[in-house]
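The values are calculated or read from the model by the stated rules, or taken from the named source; none is laboratory data. Everything quoted here is computed from the prediction, not taken from an experiment. Please note: Cβ atoms are built from the backbone with ideal geometry, for glycine as well, and neighbour counts cover all protein chains shown. Calculation scope for accessible area: heavy atoms of the full protein, side chains included, ligands and nucleic acids excluded. Shrake-Rupley method; radii C 1.70, N 1.55, O 1.52, S 1.80 Å.
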Amino acid sequence: NNLLDPLLAADPNVRDLNLFAKFTAASFRADPLEFENVGPRKGVWPVSEFVAPADPLPTNLLGELAPEFSLLTLKREKVTDRQVAGKPMVMLFLDGSDSDAKLIERFESVRKSLASSGFGFSVVAGPGSIETSDTGSWRLSPSIQATANRSKLPFLGDMTGQTAKAMEFASLPAVVAMDSKLKVQYADLLVK
């Protein structure tokens, strides 16, 4: 239960959980002697092990056009999806993870190795990795500022997290690569 639905399994109000599987249009061909001769007990079949579910897609937009987005540079200039169209773009989305500084270093290394490829690179800092002021200006959180200063990556602010949400990421940090027509070609959740 912890593996399949940890939030539900941890809920003290839930005492009984049932797992059902439906295999539509499936056929099962095997020698019956290969399997233990066990019958159902009150509607439950014993199983020898559970298998972890497949990793979810990092985004539902793989192969689709990226949604319209609007981000801010550190100088409060707007950057939209239309402005980045025309060349392949790779974006690293951060939101205050302990590993953000290390991810920026690795992303900078990738940018350097692909410097002549024509790819654009940028880091998108979400609400958890920025500090905002009443005037609408923003800056990177102190935990990543020094690393950002050493890199040549442009940093953009996703002030409310709406762009990451529009990208349909299951979690952050994440990286997404789009082709010159803004079609999402690659995405990965950087949870490790």
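Here are the numbers for this structure:
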{"quantity": "Residues (among the charged types (D, E, K, R) and assigned to a loop (DSSP other than H, G, I, E, B)) located in the stretch 61-83", "calculated": "Glu64, Glu68, Lys75, Arg76, Glu77"}
{"quantity": "Complete set of residues in the stretch 94-135 that are in contact with a Lys or Arg (Cβ under 9 Å, 6 or more places away or on another chain), basic (Lys, Arg) and open to solvent by 70 Å² or more (accessible area, probe 1.4 Å)", "calculated": "Lys112"}
{"quantity": "Residue within the stretch 84-92 that is in a helix (DSSP H, G or I) and under 17 Å from the mean Cα position of the chain (by Cα) present", "calculated": "no"}
{"quantity": "Residue list for the stretch 136-150, filter: in a loop (DSSP other than H, G, I, E, B) and open to solvent by 20 Å² or more (accessible area, probe 1.4 Å)", "calculated": "Gly136, Ser137"}
{"quantity": "The stretch 93-127, residues that are over 15 Å from the mean Cα position of the chain (by Cα) and closer than 16 Å to Ala174 by Cβ", "calculated": "Asp98, Lys102, Ile104, Arg106, Phe107, Val110, Phe121, Ser122, Pro127"}
{"quantity": "Some residue of the stretch 93-110 being within 18 Å of Asp158 (Cβ to Cβ) and in a strand (DSSP E or B)", "calculated": "yes"}
{"quantity": "Qualifying residues in the stretch 151-169 (those that are open to solvent by 70 Å² or more (accessible area, probe 1.4 Å) and part of a loop (DSSP other than H, G, I, E, B)) - the one nearest to Leu103 (Cα to Cα)", "calculated": "Lys152"}
{"quantity": "Filtered residue count, the stretch 170-192, keeping only those that are under 15 Å from Pro127 (Cα atoms) and surrounded by 22 or more Cβ atoms within 10 Å (Cβ to Cβ)", "calculated": "3"}
{"quantity": "Matching residues in the stretch 111-138 - criterion: being farther than 13 Å from Gly96 by Cα and of a type in the set (D, E, K, R)", "calculated": "Arg111, Lys112, Asp134"}
{"quantity": "Residue match in the stretch 156-164 (condition: at pLDDT 95 or above and closer than 20 Å to Gly118 by Cβ)", "calculated": "yes"}
